[in-house]
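Have a look at the structure below, then the notes.
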Amino acid sequence: MPGILMSYWEEKFQEEKQEVEDGRKKSETPRKQFISKDK
Amino acid sequence: MEEKNQKLQENSLSQRINDFFSFDENQIGSRERLFNLVDTFQSKTDSPLFLIAGSWGIELLSEINLEHDDIDLIVLQNLPYYLDDATEIEESCFGIIPLDIDYLKENFIKKNIFGREIYLPDFNLQICLKLIGQLQKKLPERAVNQLKTLLDSYKNFDEEKSEKEINYLLNKLIPRELNSLILSQNIISALKTYFREEKESAIEELIRLHSLINKSLRYQFEKRGLTKKIKISDK
């Protein structure tokens, strides 16, 4: 995985965190809908 | 105080793994190094400390031998962290992977390899990382072969669940200008084509989708001046 992508993800993560803190975005994710059956 | 200590301990896990890679004398990316890593860290606990991603993730999942340049890991600490054991600056990577820690802790595959519990990203996450993490304009042959190996070993494909999961992953990992819902539908459609044994046509579609994602990522890198740090291959 190239480092350039990690830099981008870091920025994307920080942006999203800021949006959640500012109340512009809900923090919940829909992850509960796809719990793996492959364990 | 106890919670703070626990967080500090968690967040130092990636550092401790990096230190392990610096001192371990086995060849970079080798099976010996991988097993030594698992024996040093993972064998002391029953819950996953890291998921083994990249080519090793695919080999362990499919049980098909592949070539390996490095060992890729998703470290399950407070902020999930991606790192590998490569030493060349253009190949090594380390940084936050913007996925929910609870998602990663709930969606993994456990395999017992030579008496060791090994934890791997599930199929959908591995497919997404293969399509996103290759920054060449065209998905390289080696990545295509890994993708085919991954799809050939895909078990329990659930169209609805996979579409939701891939949409969640793309939404977190790719630029907002791309419609993650449509892209995830396209990926699911390509997977269904692959499982109908129309493999070449499915791979062509996945190559097209990789190219689309890559183009958008390049635009974001250029906009943010990131391309000055590392050159992306034009191949």
### Message
With the structure loaded, tell me whether B:GLU205 is acidic (Asp, Glu), more than 10 Å from chain A (Cβ to nearest Cβ) and either out of contact with any helix residue (DSSP H, G or I) (no Cβ under 6 Å at 6 or more places or on another chain) or buried (at least 23 other Cβ atoms within 10 Å of the Cβ) (or both) or whether it fails that test.
### Response
no
### Query
B:LEU147 versus (1) at pLDDT 95 or above; (2) within 20 Å of B:PRO80 (Cβ to Cβ): which is the lone unmet condition?
(2)
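Looking at segment B:50-61, is at least one residue of a type outside the set (Ser, Thr, Tyr) and more than 20 Å from B:LEU147 (Cβ to Cβ)? Please lay out each step first, then the result.
Residues of segment B:50-61 that are of a type outside the set (Ser, Thr, Tyr), as a first pass: B:50-54, B:56-61.
With more than 20 Å from B:LEU147 (Cβ to Cβ) added as a condition, the list becomes B:50.
Within segment B:50-61, one or more residues are of a type outside the set (Ser, Thr, Tyr) and more than 20 Å from B:LEU147 (Cβ to Cβ).
Can you spot a residue in segment B:219-233 that is at pLDDT 95 or above, hydrophobic (A, V, I, L, M, F, W, C) and part of a helix (DSSP H, G or I)?
The initial filter retains those residues of segment B:219-233 that are at pLDDT 95 or above, namely none.
Within segment B:219-233, not a single residue is at pLDDT 95 or above, hydrophobic (A, V, I, L, M, F, W, C) and part of a helix (DSSP H, G or I).
Considering B:TYR119, B:TYR154, which residue is touching a strand residue (DSSP E or B) at 6+ places or on another chain (Cβ under 9 Å) and within 19 Å of B:LEU51 (Cβ to Cβ)? Walk me through how you get there before you give the answer.
Details: B:TYR154 fails: touching a strand residue (DSSP E or B) at 6+ places or on another chain (Cβ under 9 Å).
Going through B:TYR119, B:TYR154 in turn, just one is touching a strand residue (DSSP E or B) at 6+ places or on another chain (Cβ under 9 Å) and within 19 Å of B:LEU51 (Cβ to Cβ): B:TYR119.
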### Query
Consider B:PRO80 against the criteria (1) at pLDDT 90 or above; (2) out of contact with any helix residue (DSSP H, G or I) (no Cβ under 8 Å at 6 or more places or on another chain): it satisfies all of them except one. Which criterion is unmet?
(2)
### Message
Quick check on my filter: what residues within segment B:34-55 are more than 25 Å from B:PHE123 (Cβ to Cβ) and at pLDDT 90 or above?
### Response
B:ASN36, B:ASP39, B:THR40
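I'm checking my understanding of the structure. Among residues of segment B:71-115 that are among the acidic types (Asp, Glu) and at the interface with another protein chain (Cβ under 9 Å from one of its Cβ atoms), which one is farthest from B:ILE166 (Cα to Cα)?
At the first step, the residues of segment B:71-115 found to be among the acidic types (Asp, Glu) are B:72, B:84-85, B:88, B:90-91, B:100, B:102, B:106.
Filter once more, keeping what is at the interface with another protein chain (Cβ under 9 Å from one of its Cβ atoms): B:72, B:84, B:90-91, B:100, B:102, B:106.
Numbers: B:ASP72: 20, B:ASP84: 23, B:GLU90: 28, B:GLU91: 26, B:ASP100: 14, B:ASP102: 16, B:GLU106: 15 Å.
Top of the filtered list is B:GLU90.
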### Subset of segment A:1-24 (residues that are at the interface with chain B (Cβ under 7 Å from one of its Cβ atoms) and β-branched (Val, Ile, Thr))
A:ILE4
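The values are calculated or read from the model by the stated rules, or taken from the named source; none is laboratory data. This is a predicted model, so every value here is computed, not measured. Neighbour counts run over all protein chains shown; Cβ positions are idealised from the backbone, glycine included.
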